[in-house]
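The values are calculated or read from the model by the stated rules, or taken from the named source; none is laboratory data. Keep in mind it's a predicted model, so treat the numbers as computed, not measured. With ideal geometry, Cβ positions are generated from the backbone for all residues, glycine too; neighbour counts draw on all protein chains shown. Note: accessible area is taken over every heavy atom of the protein model, side chains too, but ligands, DNA and RNA are not part of it. Shrake-Rupley method; radii C 1.70, N 1.55, O 1.52, S 1.80 Å.
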Amino acid sequence: MNIQEATEQIRGAISAYLAKDDHGLPCIPFHMQRPIVMFGPPGVGKTAVVAQIAREVGINFVSYSITHHTRQSALGLPFITDEKFAGRDYRVSDYTMSEIIASVYRAMEKSGVEQGILFLDEINCVSETLAPAMLQFLQYKTFGMHELPEGWIIVTAGNPPEYNRAAREFDPAMMDRLKRIDIEPDLEVWQEYAASHGVHPAVTTFLESKPGSFYKVQAAAKGMSLVTARGWEDLSRMLQAYERVGLVANETLVRQYLQDAQTAVEFAAYYELFRKYQDDYKVSDILDGADASVPVARVKAARFDERLALVGILADALQRRLHDVMELEQSLLLVRGDLLGAKDRLSTCSPAEGAQLLLDAAESAKAAGDLGNRAAGSVGADAAAAAAAAADPAVVRAERVRCLESLASAVASVPAAAATCFDAAKAAYNARVKQQRAMAAAGTTSTDAAFQFLDGALGESSQESLVLTTKLSLDPLTVRFVGQYGSAEYMKHNKSLLLTDRGLDLLAQIESLDM
């Protein structure tokens with residue numbers, strides 16, 4: 001199955017394992033909840049989907065690569081203790097708590113959430129000395145003398161032996177105790193993921209024209225040829241970082257991520273051409289509604305591959321604008337909750353105290369984010385809220401912290417007799433909401449302008465307009481934006497789209513920003 005189908009299977013299993021019957025007992029008893037094992041080629045996204053599911057469900061996520069562990073770190077270290085049996089004292093061997101089990105308990109303490117996923121990567125590549133203990137853990141959920149707490153689900157991942165010489169097959173008796181999911185790379189599914197995760201448009205448009213370059217893991221004359229979904233996404237992030245700091249990526253850089261000579265050469269040449277299109281078409285001016293007569297003339301005369309690259313550039317630039325609007329909106333909803341929660345204290349304290357109260361809230365938001373980024377981390381409020389809104393939790397958290405810090409500055413500068421700290425914070429907050437609304441209006445204008453440009457150059461029913469509509473429709477934040485703030489041109493090109501499962505309820509969310 002592809003990674004999307006695997007995600008649904010894992011999400012369903014986790015929901016079933018966490019479900020309770022009418023007596024409050026697990027529908028599937030803890031000892032009968034089979035560990036989930038995913039087998040698939042490297043870089044296909046196995047770890048990422050499990051972390052994503054944990055964020056969506058709102059439970060802890062603890063991740064380990066089991067090949068980094070010895071028998072001692074997994075089982076704990078032995079020590080001698082005294083015990084009494086049948087009235088006599090004995091010295092016996094005991095074990096300290098497993099590092100892995102201890103991380104599970106730490107995650108529960110820090111998050112206050114008792115359920116979670118323990119993810120063990122490279123499960124079929126453990127050392128010979130650790131293998132028996134690992135098999136015992138998968139069967140009985142116990143490392144040494146310490147058991148995994150109830151409410152925790154074991155999800156593992158491994159590479160088939162053809163992709164990893166250190167991998168070994170589990171015996172039939174072991175496999176009969178596991179829930180096995182086999183995953184294969186799928187470009188179409190990955191392109192949907194790429195559309196909603198900001199993958200560089202040069203990558204997505206290149207793979208649209210050369211789908212055979214998406215995934216290669218095979219022996220070559222000079223070692224392995226290795227091109228994976230992970231490699232494409234990591235290259236995408238590096239390209240975006242290079243562009244941000246004014247550096248030019250070349251074939252040498254591309255080869256560090258796409259470890260196949262032909263693929264690297266072809267993409268490096270395409271990327272150089274893609275950058276030229278970015279400069280020539282001045283996409284920002286198009287989205288701002290400026291005079292587009294020159295790029296219209298060029299796109300009319302362009303070949304289809306150039307037009308496809310332009311659509312990718314347009315979609316990427318537009319989505320960045322719309323994401324900014326929606327992520328700011330989500331952060332403002334969280335800040336609104338922060339302010340209402342501190343309303344009583346902000347209504348009676350001094351400006352200095354009020355400013356410190358808001359700075360403390362900002363530090364708490366930062367700390368929750370730091371926790372969520374650790375291997376033994378949990379899902380904080382920002383991450384859970386962002387997952388529900390299909391927003392980037394790191395961006396939402398950063399905007400939340402930035403907003404709280406700006407409110408603290410506004411409160412600190414207010415004369416004591418002029419207003420309460422809450423009133424000052426509220427005024428500064430509502431000014432930020434007004435700014436977000438202006439960004440949303442500009443986003444609607446930009447969306448309309450993108451379609452108007454393509455329609456003016458190629459006609460309303462052009463294949464390029466269809467590609468743009470499809471790219472935007474695959475991005476959950478863009479769909480949410482249109483559902484809340486509208487775009488006549490987008491709706492004209494995609495009348496049948498079900499914009500959101502929540503329908504008109506989203507309109508109320510816009511109003512809920514106000515205080």
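So for 38, 97, 224, what's the accessible-area order with a 1.4 Å probe, most first? Walk me through the intermediate numbers first.
Details: 38 0, 97 85, 224 110 Å².
From most accessible down to least: 224, 97, 38.
Determine, for each peptide in 9-21, 251-263, the mean count of other beta carbons within 10 angstrom over its residues, then list the peptides with the highest first. The partial results should precede the final answer.
Details: 9-21: 15.1, 251-263: 17.5.
Most protected by this proxy first, the peptides run 251-263, 9-21.
If I take all pairs of Cα atoms in the stretch 16-158, what percentage of them are more than 21 Å from each other? List each step's numbers first, then the result.
Working: 4955 of 10153 pairs.
Value for the stretch 16-158 (Cα pairs over 21 Å): 49 percent.
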Distance (nanometres) between label positions extended 7 Å along Cα→Cβ at residue 22 and residue 284 = 6.4
Taking Cα atoms only, helix 261-281 is inclined relative to the longest principal axis of the chain by an angle, in degrees rounded to 10, of 40
Please say if the stretch 198-345 is rounded, prolate or oblate, where rounded means a/c under 1.5 for a ≥ b ≥ c the square roots of the C-alpha gyration tensor eigenvalues, and otherwise the choice is prolate for a/b larger than b/c and oblate otherwise?
-> oblate
Could you state the orientation-averaged shadow area of the convex hull built on the Cα atoms of the stretch 256-310, in nm² to one decimal?
-> 4.6
Sequence-distant residues sharing a close amide H with residue 152 (under 5 Å, placed H) = 116
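Counting only DSSP beta bridges with both residues in the chain, what percent are antiparallel, rounded to the nearest 5?
On the way: 19 of 38 bridges.
Beta bridges within the chain, antiparallel portion: roughly 50 percent.
Too long at a 31 Å Cα-Cα cut-off: which of 46/471; 179/366; 216/300; 46/110; 216/366; 426/471? Walk me through the numbers before you get to the answer.
Values: 46/471 24 Å; 179/366 37 Å; 216/300 36 Å; 46/110 26 Å; 216/366 39 Å; 426/471 38 Å.
Exceeds cut-off: 179/366; 216/300; 216/366; 426/471.
For the chain, what does the helix formula give at 222 nm: sum of -39500 (n - 2.57) over DSSP H segments with n ≥ 4, over the residue count, nearest 500 deg cm²/dmol? Before the final figure, lay out each step's value.
On the way: 23 runs with 303 residues, N = 515.
Calculated mean residue ellipticity at 222 nm is -18500 deg cm²/dmol.
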Positive-end residue of 185, 257, 204, charge dipole of the stretch 176-268 with Cβ unit charges = 257
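Place a +1 charge on the Cβ of each Lys and Arg in the chain and a -1 charge on the Cβ of each Asp and Glu, then give the dipole magnitude about the Cα centre in debye, rounded to the nearest 20. Before the final figure, lay out the partial values.
Working: 50 positive and 66 negative charges, 80 e Å.
For this selection, approximately 380 debye.
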Taking the Cα centre of each part, how many Å lie between the stretch 435-483 and the stretch 279-347?
-> 9
How large is the charge dipole for the stretch 329-369, taken about the Cα centre, if only the Cβ atoms of Lys, Arg (+1) and Asp, Glu (-1) carry charge, to the nearest 20 debye?
-> 60
Please calculate the 1.4 Å probe accessible area of residue 55, with all protein chains present, and give it to the nearest 10 Å².
-> 80
With Cα atoms, 0 to 90° folded angle of helix 46-57 axis to the chain main axis = 80
In sequence order, what are the phi-derived ³J(HN,Hα) couplings for the stretch 98-108 according to the Karplus relation 6.51 cos²θ - 1.76 cosθ + 1.60 with θ = phi - 60°, rounded to whole Hz, with x for glycine and proline?
-> 4, 4, 5, 5, 4, 5, 4, 5, 4, 4, 5
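Can I get the semi-axes of the chain's equivalent ellipsoid? Compute them from the C-alpha gyration tensor as square roots of 5 times the eigenvalues, in angstrom, largest first. Don't skip to the end; give the middle numbers.
On the way: eigenvalues 387, 247, 79 Å².
They are 44, 35, 20 Å, listed largest first.
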